[in-house]
Structure formats: structure tokens, C-alpha cells
Amino acid sequence: MDRLIEAINTTQNPSVVGLDPTEALVPAQVVASFADEVRESVESEEELQAAQLAVAYYEFNRTIIDAVAGIVPAVKPQIAMYEALGPAGVDVYAMTCEYARERGLYVLADVKRGDIGSTAAAYARMLTGVGEHDPWSIDAVTVNPYLGTDGITPFVDAATEADKDLFVLVRTSNPSSSELQMLDLADGKKVYEHVADLVEGWGAETIGKYGYSRVGAVVGATHSEEGKALRKRMPHTFFLVPGYGAQGGTAADVRGMFDADGSGAIVNSSRGIIGAWRKSGQYSEGMSADEALELVGESARAATIDMRDNLRAVL
Ligand SMILES: O=c1ccn([C@@H]2O[C@H](COP(=O)(O)O)[C@@H](O)[C@H]2O)c(=O)[nH]1
């Protein structure tokens, strides 16, 4: 986690921009502008839409990355949005990670892996690469702990080998998260508290120079009180905090998830940043693709600065 903490210190900004493009979040004229170019490369008309969206996502992401580089320390591309487009989308995922890395950003791949040990070991190669080849250009992955220790250890080992990180789901931001995570265990703990204790243990051998291990935790901004309690319970665990903005979380809600020095957490916003152009009041369907992308970048930059300043105000 040392590199992430240093990037946060450099930018004085504990926030991460989520790159979760969807058809609705990319201006229509940007998608349309790639129709001719893509038509030449696809084999059938059926492939056209996904291929066109994939190219548009890449251009959109580059615009966002260029607009926020230097202001934020990190981006978090959400793989679901890219996998939905098939192989063309997966290519764009890898290209986006590479571009973000080139722009000096820490890349947190939100892939939420989780499987038995042998399969987890294969998933974990996302962190180490294959031989000399590192096809993903990422710094961290998100992992689902439901399978227990043998589903996590391969990621800890791979992260240690590659000097990278993982973030394990502990208390997720979504409305139904309590169905499982808040269940009472026989020893009086809640399920998420037990997971929190496991996460502290999984990271214990990997504590870096700032006191945090390379095994982080995902703690939703929508669970302010539990997040505050987890901060005390998990003194060596860095938090990734999604749920800010579009899901209702505020700077005040996440304050307790930071440590006494204002470190220990990074807060994500995806739609709130990449979709800011839609709320700018400046968009019109008559804009050219270039004009629309310019607005996307300007709006994302303004929303990023706003989020940074809101967080700074409570830390
Ligand atoms: O508990 C969780 C874990 C992950 N996420 C992911 O974060 C972003 C949030 O997007 P917003 O647009 O800022 O709501 C998204 O990729 C989720 O899959 C989460 O929200 N909560």
C-alpha cells in the first residue's frame, strides 16, 4: 500500500475515480463518431454496436484520465462494464489500465475475484503477469472473501511477489449487503466483523512502512458507523470506500474511516465523476463529438476537485 499512500500524499487527495463507462454515460455523438472506422474492422453487422462502444469507451476514458491525472492518485476501472462488450471490451479494459499507468496513476482493477485455491491462483496472475509479460498494467485487484482463506492466499502471494495490493470485500455499500454481512455469529460477532478480523490476519505479514498491509478492505461509504468501528478494529488495513456520491455517501459519512492522521482510506466515485457532464447544464445533442468530449473532461475535472475539497474539509 506504500505506493498508493505516497500517491495520495503527493496529490493531497484520498480519492479515486471509477472508470465505469456505460452507453448512457458516454455522449451519443462520441459513440456515433466511430461508426465508419469500426465498420471496416468488424466481420458482421451484429458485432458493430459492441465494437463501436468499446472504441468510444476508450476515447472517453482517455479524456477522463487526462482531465484528472495530477489531481487524483488513482483510478478504478470496473471490469463488468468492459466484459459486457465481449473481447473488444476486455481489450479496452487492458488499454485503459495501461494508459492510466502511463499517466502516473495507481490502477485499482475492480474485478471482484473469488474462487477455490487453484482457480484463485490463476486469477491472481492478473497481478504478476505471465513470465516477463504484464498484460494488465494494474496495481491492485478487488477480491471476494466468500470462499475463505484458500481463495485469498494466492492473491496475497501474488501481490507480495509483484509488490502490488488487494482489497477484500468486508462491508459493501449496496442496499442488500446486510442480508449476509450483518448476520450474527455464535461468538457474538457479525459476519462482516469476522471477515474484518480475517482480513487483518491475511495482511499481517505484509505491513509496509506506513503501517498498512497490502491486504486492504472494501468498506462502503453508506455504512458510516460500521466504517468508523472497522477503522479501530483493523488498524493495519487500508480501506477502499465506494458509495460516495451516486449512492448517497458524503464526506461526513466517510470521515470516521480515516485514521487520526487523515490516512488509511481512499474514497471512490464513479458515476459522480464520469457522468458529471450530464449535470453540467452545458450539454446539447447538437455538439460535435470533440465538443462533447471536452465537456466530459472539464466536468470530470471540476467534480474531482469538488470531491477532493469536500474530503479535505473533513480530514
Ligand atoms: O461495496 C461496494 C463495492 C464495490 N463497488 C463498486 O464501486 C463503484 C461505485 O460506483 P458509483 O457510480 O460511484 O456508485 C462501482 O464500480 C461498484 O461496482 C461499490 O459500489 N460498492
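Summary of values
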quantity	calculated
2 or more residues closer than 30 Å to residue 309 by Cα and either free of Cβ contacts under 8 Å to residues at least 40 places away in the same chain or under 15 Å from the mean Cα position of the chain (by Cα) (or both): qualifying helices (runs of 4 or more DSSP H) within segment 1-112	2-11, 45-68, 79-83, 87-102
Which listed residue is in contact (Cβ under 8 Å) with a residue 24 or more places away in the chain, under 17 Å from the mean Cα position of the chain (by Cα) and under 25 Å from residue 231 (Cβ atoms), from 142, 160	142
Matching entry among 203, 211 (being surrounded by fewer than 18 Cβ atoms within 10 Å (Cβ to Cβ), modelled with pLDDT of 95 or more, within 24 Å of residue 153 (Cα to Cα) and of a type in the set (Gly, Ala, Ser))	211
Some residue of segment 234-249 being part of a helix (DSSP H, G or I) and either more than 14 Å from the ligand (Cβ to nearest atom) or more than 24 Å from residue 171 (Cβ to Cβ) (or both)	no
Output for segment 181-196, where each listed residue is part of a helix (DSSP H, G or I) and more than 23 Å from the chain's Cα centre (by Cα)	191, 194
Candidate set: segment 164-181, residues that are without any contact (Cβ under 8 Å) to a residue 40 or more places away in the chain and either buried (at least 16 other Cβ atoms within 10 Å of the Cβ) or away from the ligand (no atom under 14 Å from the Cβ) (or both); chosen: the one farthest from residue 246 (Cα to Cα)	181
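Rundown of residues vs (1) of a type in the set (Gly, Ala, Ser); (2) part of a loop (DSSP other than H, G, I, E, B), yes/no style:
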{"site": "210", "(1), (2)": "no, yes"}
{"site": "218", "(1), (2)": "no, no"}
{"site": "230", "(1), (2)": "no, no"}
{"site": "262", "(1), (2)": "yes, yes"}
{"site": "283", "(1), (2)": "no, yes"}
{"site": "287", "(1), (2)": "no, yes"}
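The values are calculated or read from the model by the stated rules, or taken from the named source; none is laboratory data. Quantities reported herein were computed from a predicted structural model and do not represent experimental measurements. Here the Cβ is made from the backbone with ideal geometry for all residues, glycine too, and neighbour counts use every protein chain on show.
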